There are 2 protein chains.
Amino acid sequence: MTGADARRHLLGVALGEAGADLLASGGDVVNVYTGEVVRWDVAVVDGRIAAVGPDLSGLAGPATERLDARGKVLVPGFFDGHTHLDVLVALPELLREAIPRGLTALVTEMVQVTSALGVAGARWFLDTLEAQPIHAYATAPTISYLAAEARPGEVPLDAAAMGALLDDPRVLGLGEVYWHRLVPEPDRLLPLIDRARALGKSVEGHTAGARGPRLVACAAAGLGSCHEPITAAEALERLRLGLRVMIREGSVRRDLEAVLEVRRTGISLRRATLASDGIWPPDLLAHGYMDGIVQRAIDLGLPPVTAFQMASLNAAEHFGLDGEIGGIAPGRWADFLVLPALRTVRPEAVVARGRVVAREGRCLVACPDVPLPPGVDAGPRPGPLDPDSFRLAAAGPHPRARVIRIAGDIVTAEAEATLPVRDGAVRADPTSDLLLAAVCDRRGGRHRGLGIVQGFGLREGAVGSTLSFDTADLVLVGASREALAAAGQRAIELGGGFVVVDGAGTVRAELPLPLGGVASAASMPELARGLEAVAGALRELGSPLARPLLTLQTLTFSAIPALRLTTRGLLAVKRRAHVPTLL
Amino acid sequence: MTGADARRHLLGVALGEAGADLLASGGDVVNVYTGEVVRWDVAVVDGRIAAVGPDLSGLAGPATERLDARGKVLVPGFFDGHTHLDVLVALPELLREAIPRGLTALVTEMVQVTSALGVAGARWFLDTLEAQPIHAYATAPTISYLAAEARPGEVPLDAAAMGALLDDPRVLGLGEVYWHRLVPEPDRLLPLIDRARALGKSVEGHTAGARGPRLVACAAAGLGSCHEPITAAEALERLRLGLRVMIREGSVRRDLEAVLEVRRTGISLRRATLASDGIWPPDLLAHGYMDGIVQRAIDLGLPPVTAFQMASLNAAEHFGLDGEIGGIAPGRWADFLVLPALRTVRPEAVVARGRVVAREGRCLVACPDVPLPPGVDAGPRPGPLDPDSFRLAAAGPHPRARVIRIAGDIVTAEAEATLPVRDGAVRADPTSDLLLAAVCDRRGGRHRGLGIVQGFGLREGAVGSTLSFDTADLVLVGASREALAAAGQRAIELGGGFVVVDGAGTVRAELPLPLGGVASAASMPELARGLEAVAGALRELGSPLARPLLTLQTLTFSAIPALRLTTRGLLAVKRRAHVPTLL
């Protein structure tokens, strides 16, 4: 039932002319509109809230499902307004774990799936979002568009295709726009920004580190949000400029504690939201998802009602959805959580679109898989690869090289080193922790980037990943050309995934990512075990890194300092210039 | 300059690559996003804000206009989110007075112009809105649609025409939906509500007096706002239901003082706005417009920043315009006011779309008139009228009649009385304050309503108005059939307007309303004098009413208790039934 008929039914139930489908009674309802907690019943029909009020027992009929909420707290379902759910985990698998933790709405980037599978893959991903039992939307993948522009002929995603994605009703806005691309090259991005705005859609910003005039310029040009503040001062500067701030607490970074200090200024947080910017299986299973973020915000001293507003209404307003979701009120979709107490963010029941979709941490509904349509270019095909694929010819016996030095989970620094040579080509030097790295175009294009990495710490062997920021190319790090070739070739055989090989080329751990080489088809617990096996194999081979797969995937990530490796070679991020590996 | 080029220019100015058009420097800026006051410069180009910041002197070029705001306070221009500016005053004349008082955005109903001039008149009104130097929008006239439905063949405004109006980009939502029509007849209104929602547009509600299940039902059916709360409790109930509350302080009612008591509950007012629901010339000239409302809110104890939020950002968010207007931030239209102090709402300068449009109460820009296109049915033609037009045949010598008793400016009560007879027809009895009343179809349809009014107080003569709620019919009240005919005939000769005649049929005062019989073409001061002359003539003829023209215009107003007169005769509002005048 849709449209006017659905509204007719809601109105009738509100007036007591027909029975509700579901009646949650006696709970303390967090009213995100007024900021109060009100003792209310909530009556639901056709997936939406028909009525709220102190006593709605008269709206229950013989077929009405009862939800006894006495002594409990009802809050709006959680809305993650900026995340990356097209990567690593198959979306339905993630939702099976995320929904019991209170997620009822999301807006995800779709950069990886688009970079890997093109527009057909993006449409498949949108179909998958639409099939889910919660409100799942996407943003158009600006990053894929920028990556495609840099690689003419390799990745098919032009401005017209982006425009068509923006027009799709399942796409709520333009995906994150890097300020460091917008400011120097506005003409590439402003037509898309303007189109999104003209459609009444959001424009998400990525203004990491920007301040002063350049940040102001981003706001002037039409960016509407930023999820990158890592300090209270950065959040305050953005909110003052009219940007919505999405405070990030996820797998890539945890900024909540630092950013929430902004509350000590006494400013209004009505235009701030809580978001994950992506959550990975082990983190989700260990620390929760939006439930964990909201709990942490409360534990850090944020008033609970404010935290719930930031996880619901504020995000809904940002996307112009507050007439549909984001609060417990008549006419809205019935998306709410039953919590044991105001400060205990552990959903005992989750209601989404009017159905009890989870109880006590168990998901009770199907999160459908949508098969990849035939003809979608599924697997990465960068090969065939052999040791010669990774030959970096040395001019003399003691070549000096620019080195990507690992300086944190995802941050690198630029260094220099002298490397050994074999057969006229550069060799790795594991004793000095100088390893070979390579990025191979997933579509088999002629460009292949070769570099030197310090800090990865493998004594032998190699690791490969067909999941990489933001291009979904095959990225490899290892102690020899032979090991790189073995790991890369195995990743291709798997149809994409993570592979660890030892010095003999024997596979020590592997994790297939059959969905375009960027996402698994396994359940979350299986996947978490698989990821731990890969990380364990890397530790056994000597890597001291805390999160080696993240570090590997972000070797290619051109938005963060300082030196990155792409299919076109080394990229000096701040100078926006490719530079040779050998000096 | 539009679209991406305009954004390119804004970005360039923000980065100092080109000079600003206007630089307001050194002011204390009210930041409606954070709720702070910040010492900032504001740089403007192409009508929009390019930059804000502590020192933007570097953005000024030789051609930059300077606005010294040191010691002053800058606030966002005021946004009246619910008003009726299609009535009485020509819109451009009103804006000439309203803009110097800080109005830079409005959403108006267009019920009168549509009821009077049909869809062609509505389109002309939209053209007039679009031609103005501020952001002027409308809502689709639900009330006209309901009135037209009740009078098949007379007024051409069907659902298709309403749908076409809703599609117009200058129409931001569906105009006020009477709850007392929606609840019993949802099928008439739900398709329009659903269409507005599907377009992402607002649905304005009119839920005067509704509470409990019927109010809940209205929210469930899709109403998004209400401007009718007259108590704090009513405002609280609506806000809790997710309805936006527009707190009204205007010519029809002044609810601010009572409703603002809601702040003592400590609830968030982020979803409450300040609105006029219509302002008439004498009120505007005497007490101001949005400036007066905001000033009064502050004087009543509302924190100034909250008051400014309620007059700008909150309304912009309601209409999904907060990326465009509603705050002083980069990328938004440069709509702001220079005030002498935070608590002194007397704009010394008004900037709209980047231009200084008023200084010290004087309007500096043209507010263009748009001529009525040829073919628009301009004047009311209910005649010809003669005394026999108002014959109410009496069955016996002492007929009993239902009487509309005036019980307030716009409220009536139902009474009964025995009336004298002449030539077999009911006579007025001025000594008992029992007067004849008539409503004549402005299009000359055969239906004509005749009734008896008590409380108007004319000793002799009659008064007529072609401006009437919500139908724009000719409404007359007087002491004899002859006087009714004289007043009515003169109103027709004028092409519409207000007319007062004495017992001899001589015109004692008149005020033409050449724009369809519902609006004047005169300036606001002229119009105020004309209205005072009409009211003075009515006082001389004995009327004790405080606002006799309002009472006259609302005799036909079918949304307010208890007994009303329409072209189909007496209407018992609560019973939604026409009832005979003679018992």
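The values are calculated or read from the model by the stated rules, or taken from the named source; none is laboratory data. Since we're looking at a predicted model, the values are computed, not measured. So basically every Cβ, Gly included, is an ideal-geometry build from the backbone, and we count neighbours across all protein chains shown. These accessible areas exclude ligands, DNA and RNA; they are computed on the full protein's heavy atoms, side chains included. Shrake-Rupley method; radii C 1.70, N 1.55, O 1.52, S 1.80 Å.
Put the Cα centre of region B:525-541 next to the Cα centre of region A:410-477 and the gap is 88 Å. Considering helices alone, the calculated mean residue ellipticity of chain B at 222 nm is -8000 deg cm²/dmol, with DSSP H runs of length four and up weighted by -39500 (n - 2.57) and normalised per residue.
Rounded to the nearest 20 debye, the dipole size of region B:249-369 about its Cα centre is 260 debye, using +1 on the Cβ of Lys and Arg and -1 on the Cβ of Asp and Glu. Ligands, DNA and RNA are left out, and with a 1.4 angstrom probe the accessible area of region A:370-421 is 51 Å² per residue. Each copy carries a label point for B:L364 at 7 Å from Cα toward Cβ; from one copy, the others' points are 6.5 nm away, ordered from shortest. Here is the interface size for A with B: some 4600 Å² of accessible area buried, both sides summed, with a 1.4 Å probe.
For the pair region A:15-39 and region B:165-199, the centres of their Cα atoms are 25 angstrom apart.
Distances from B:G396 to itself in the other copies, using label points 7 Å out along the Cα-Cβ axis, amount to 12.9 nm in increasing order.
Could you tell me which of A:A14, A:I279, A:V351 has its Cα farthest along the dipole of chain A towards the positive end, charges placed at Cβ (Lys, Arg +1; Asp, Glu -1), taken about the Cα centre? Projecting each Cα onto the dipole axis, the largest value belongs to A:I279. Using 1/(1 + (r/R0)^6) with R0 = 51 angstrom and r between the beta carbons of A:L583 and A:L364, what's the FRET efficiency to the nearest 0.05? Approximately 0.25, to the nearest 0.05.
Measuring heavy-atom accessible area with a 1.4 angstrom probe and counting protein chains only, the residues of region B:264-298 that give up at least 50 Å² relative to the chain alone are B:R270, B:R271. Helix A:212-221 axis versus longest C-alpha principal axis of chain A: approximately 60°, rounded to the nearest ten.
Trypsin sites (Lys or Arg not before Pro) within region A:37-124: which are DSSP loop residues with at most 14 other Cβ atoms inside 10 Å? Answer by residue number: A:R70. Solvent-accessible area of the protein assembly as shown (1.4 angstrom probe, protein heavy atoms only): carbon and sulfur portion equals 51 percent.
Per residue, the average separation of C-alpha pairs within less than 8 Å and at least 6 apart gives region B:350-469 a relative contact order of 21 percent.
Counting from the shortest, the label point at B:T344, 7 Å from Cα toward Cβ, is 5.7 nm from the same position in each remaining copy. Please give the residues from region B:1-21 for which the solvent-accessible area of heavy atoms, probe 1.4 Å, is smaller by at least 50 Å² with all protein chains in place than with the chain isolated. Correct list: B:A4, B:R7, B:R8, B:L11, B:L15.
When the Cα positions of B:A462, B:A417, B:C440 are compared along the charge dipole of region B:388-468, B:C440 comes out farthest toward the positive end, with charges on each C-beta of Lys, Arg, Asp and Glu. Using a cutoff of 8 angstrom between alpha carbon atoms and counting only pairs six or more residues apart, the relative contact order for region A:454-542 works out to 27 percent. B:D386 contributes an accessible area of around 80 Å² to the protein surface, as traced by a 1.4 Å probe with all chains present.
Helix A:3-14 and the longest principal axis of the Cα set of chain A meet at an angle near 50°. Taking all protein chains together, B:H135, A:H398 sort by accessible area into A:H398, B:H135, largest first [probe 1.4 Å].
Descending by average beta-carbon neighbour count within 10 Å, the peptides A:571-581, B:16-26 line up as B:16-26, A:571-581, the highest first.
Computed from the C-beta positions of B:I230 and B:A150 and an R0 of 30 Å, the FRET efficiency is 0.65 to the nearest 0.05. Annotation: A:I406 carries an accessible surface of approximately 20 Å², with a 1.4 Å probe and no ligand, DNA or RNA atoms counted.
Distance between the pseudo-spin-label points of B:T344 and A:E185 (7 Å out from Cα toward the beta carbon): 5.3 nm. Considering only beta bridges that DSSP places wholly inside the protein assembly as shown, some 70 percent are antiparallel.
Averaged over the residues of A:196-204, the number of partner chain Cβ atoms lying within 10 Å of the residue Cβ comes to 2.
Cα centroid separation, region B:54-114 to region A:215-275: 30 Å. Candidates A:L364, A:A4, A:P340 compared by Cα position along the dipole of chain A: farthest toward the positive end lies A:P340, with charges placed on Cβ. With the whole protein complex present, A:R448 retains an accessible surface near 80 Å², based on a 1.4 Å probe.
Around the amide H of B:W280, modelled in the peptide plane, lie the amide H atoms of B:S251, all under 5 Å away and 5 or more residues distant in sequence or on another chain.
Under 5 Å between amide hydrogens, built in the peptide plane, is the criterion, and for A:A562 it picks out A:T412, A:A413 among residues at least 5 positions away or on other chains.
Axis of helix A:290-299 versus longest Cα principal axis of chain A: the two differ by about 80°, to the nearest ten degrees. Summarising the amide proton neighbourhood of A:L67: residues at separation of 5 or more, or on other chains, whose placed amide H is nearer than 5 Å comprise A:L23, A:A24, A:S25. Share of antiparallel DSSP beta bridges in chain B, in percent to the nearest 5? Antiparallel bridges: around 70 percent, rounded to the nearest 5.
Remark: relative contact order (region A:1-153) = 18 percent; criterion is Cα-Cα distance under 8 angstrom and separation of 6 or more residues. Could you name every residue in region B:38-68 that has 40 Å² or more less accessible surface in the full protein assembly than in its own chain alone (probe 1.4 Å, ligands and nucleic acids excluded)? Listed in order, there is nothing to give; none. Computed about the Cα centre, the dipole magnitude for the protein assembly as shown is approximately 700 debye when only Lys and Arg (+1) and Asp and Glu (-1) carry charge, each at its Cβ. Computed about the Cα centre, the dipole magnitude for region A:508-554 is approximately 100 debye when only Lys and Arg (+1) and Asp and Glu (-1) carry charge, each at its Cβ.
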